[in-house]
Amino acid sequence: MTFNIILKMKLKITSLVALSALAMNLVQAQKPNIIVILADDMGYSDIGCYGSEIATPNIDRLAANGLRFRSFYNNGKCCPTRASLLTGLYNHEVGVGNMVTKADVPYQEGSYQGFLNKQCVTLAEVLRTAGYSTYMSGKWHVGERQEHWPLQRGFDKYFGLISGACSYFEIPKDPPLRTMAYGNKSWTPPAEGFYMTDAISDSAVAFLKSHNRTKRDNPFFMYIAYTAPHWPLHALDEDIKKYDGIYDKGWDSIRNERYRKMVRLGIIGEKLKLSPRTSKIPSWDEAENKKLWIRRMQVYAAMIDRMDQGIGRVISTLEKLKKTENTLIIFLSDNGGANENASSENFNKPGVLTGEKGSSDSYKEPWANVSNTPYRYYKNWMHEGGIITPLIVDWPNVLKGNGTLTNQVGHVIDIMPTLLEVAGAKYPEQFKGNTIKKLRGVSLVPAFRGTAVERTNPLFWEHSGGQAMRQGNWKIVRKNNRPWELYNLETDPTELVNLSEKESVRLKKMTALYEMWEREVGVNALNNKTTEE
């Protein structure tokens with residue numbers, strides 16, 4: 001046997017040993033505790049470790065110890081994202097093609113029924129079969145009838161908001177009525193001393209402590225779904241005051257500062273072009289009522305700050321319970337920053353200062369454009385600004401704390417297969433007598449090891465007039481059935497150079513694939529329209 005052959009054999013054995021060591025790390029942590037944290041209507045650049053001036057030391061700490069994705073996607077709107085995150089399927093496949101159906105409104109079964117169907121399983125339902133205790137604190141928003149609440153979909157304990165956006169200080173008695181629940185019972189917050197973000201954090205901490213007392217030998221899965229920083233803009237005075245003077249310079253300066261910080265952090269490359277303001281956004285010098293605009297962004301920042309404080313208490317509780325090392329934490333947002341106008345909501349009380357109880361306001365397009373730096377457009381759009389999210393993964397037993405960034409592309413449909421792999425859980429073909437649809441996502445565990453995620457199919461989006469598909473580095477996208485746009489995200493991630501005419505053959509092939517997907521998952525063309533622009 002020659003020396004070269006012997007050397008090659010030794011190198012092969014060494015490589016196998018190295019791979020085995022990585023595999024052993026995952027096996028040893030095969031049943032980690034799992035926490036998924038979802039922010040609501042938070043843009044790509046709204047946390048410190050992705051470029052923001054907002055104080056998020058606890059989220060930043062997760063990033064410093066773990067892994068950050070540069071290109072991770074949600075579904076561009078709250079209900080569709082939550083449906084895919086919980087099931088590993090496209091939202092139409094599970095019955096949430098659009099928004100939830102109100103509890104007292106008739107529905108028609110199918111892609112737009114407005115609650116999770118029986119042809120899917122949730123993370124809680126599958127992880128429970130693998131020995132996990134399952135908890136949720138926060139916004140549900142994938143089924144408002146009581147038979148569709150969290151405890152009916154695999155969670156052992158639940159506290160939070162069943163429905164969508166609501167006051168952070170109260171549940172208004174007048175329409176639009178919202179529902180909060182503790183377990184299977186409706187719950188009404190106290191008249192004083194209640195703040196939604198703190199209540200969600202408090203419940204998450206309480207569930208952790210209760211688990212440690214009663215089921216400490218079981219691994220746990222906890223889903224923490226904050227309503228922050230979704231409008232209405234409500235925050236506590238002590239948090240708002242932290243941002244006095246920060247936003248006096250206006251949205252143009254803040255957006256440019258975030259862009260430069262993102263380049264320094266390595267979130268985006270130096271050659272990436274910052275998208276321009278839309279025609280609806282004036283320059284800061286031309287803006288009217290600057291004092292109100294400043295106040296809006298101060299309150300928005302304070303809401304994210306308070307959420308980060310709550311996440312810090314969750315992390316501190318894990319440390320006290322000595323569960324930090326083998327707990328996998330994932331943090332992301334359900335869509336990009338929202339350019340919506342909340343001032344018409346009928347729980348608004350005229351004359352109340354933005355941020356206070358009884359007010360109803362949003363930060364609107366100029367500041368949403370800052371949140372989504374450097375990308376174009378907003379929530380409800382399938383352009384990058386609407387669907388790209390920070391994605392942070394922290395798992396001390398496996399990710400060894402060097403603040404790694406990855407270019408691997410991920411989607412909320414990937415969270416289910418990822419968590420099932422690390423938990424050693426099996427995705428079922430049948431569940432409670434129902435045939436379950438095959439997973440759409442792929443495991444992101446290879447990205448944890450620094451290797452390529454194996455994805456053979458394109459990624460697809462459709463919601464409320466927005467449509468898109470990403471295949472490799474190429475993306476088609478449009479709004480309200482306008483002509484398709486085509487972008488090369490490798491060279492033009494901010495979607496500034498439309499190549500639909502130059503690459504017409506590619507466009508035709510991609511749109512054909514997209515139309516096939518729409519038929520497959522049950523997209524209804526009548527739902528492809530929205531006035532929210």
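FYI, it's all coordinate maths here, none of it is from the lab. All figures in this text were calculated on a predicted structure; none of them were measured in a lab. We place every Cβ from the backbone using ideal geometry, glycine too, and count neighbours over all the protein chains shown.
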For LYS242, which lysines qualify as cross-link partners when the Cα separation must be under 17 Å and same-chain residues fewer than eight apart are set aside?
LYS291
For VAL352, the residues 5 or more places away or on another chain with a placed amide H closer than 5 Å to its own amide H are none
Low-density loop cleavage sites - trypsin sites (Lys or Arg not before Pro) in the range 138-226, where at most 14 other Cβ are within 10 Å (DSSP):
LYS173, LYS215, ARG216
Using alpha carbon coordinates only, what is the Rg to Rh ratio of the range 211-279, with Rh defined as the Kirkwood radius?
1.18
Value of [θ]222 nm, deg cm²/dmol, for the chain, DSSP H segments ≥ 4, -39500 (n - 2.57) each, nearest 500
-10000 deg cm²/dmol
Return the loop-located GluC sites (Glu not before Pro) in the range 415-517 (DSSP other than H, G, I, E, B) with at most 15 other Cβ atoms within 10 Å of their own Cβ; answer none if there are none.
GLU429, GLU454, GLU490, GLU501
Long-range share for the range 382-533, i.e. C-alpha pairs more than 28 Å apart as a percent of all pairs, stands at 31
Going by C-beta contacts inside 10 Å, put VAL445, VAL126 in order with the fewest on the left.
VAL445, VAL126
Mean projected area in nm² (Cα convex hull; one quarter of hull surface) for the chain:
27.3
Span-rule helices in the chain, defined as complete DSSP H runs reaching 18 Å or more along the axis (Cα) with Kyte mean at least 0.0
3-28
Taking amide H positions as placed 1.01 Å from N in the peptide plane, with prolines and chain starts having none, which residues 5 or more places from SER333, or on another chain, fall under 5 Å of its amide H?
ALA39
The range 457-533 - Kirkwood radius from inverse mean 1/r over Cα pairs (Å):
12.8
Hand me the GluC sites (Glu not before Pro) from the range 107-174 located in a DSSP loop with no more than 15 other Cβ atoms within 10 Å, in residue order please.
GLU109
Kirkwood hydrodynamic radius for the range 37-131: how many Å is it when counted over pairs of different Cα atoms?
15.5
Send over the Kirkwood Rh of the range 398-479, from the inverse of the averaged 1/r over different Cα pairs, rounded to one decimal Å.
15.0
What net charge is computed for the residues neighbouring ALA191, neighbours being all others with C-beta under 11 Å from the C-beta of ALA191, Lys and Arg scored +1, Asp and Glu -1?
-1
Given H placed on each backbone N at 1.01 Å, which residues far from GLY466 in sequence or on other chains put an amide H within less than 5 Å of it?
ASN480
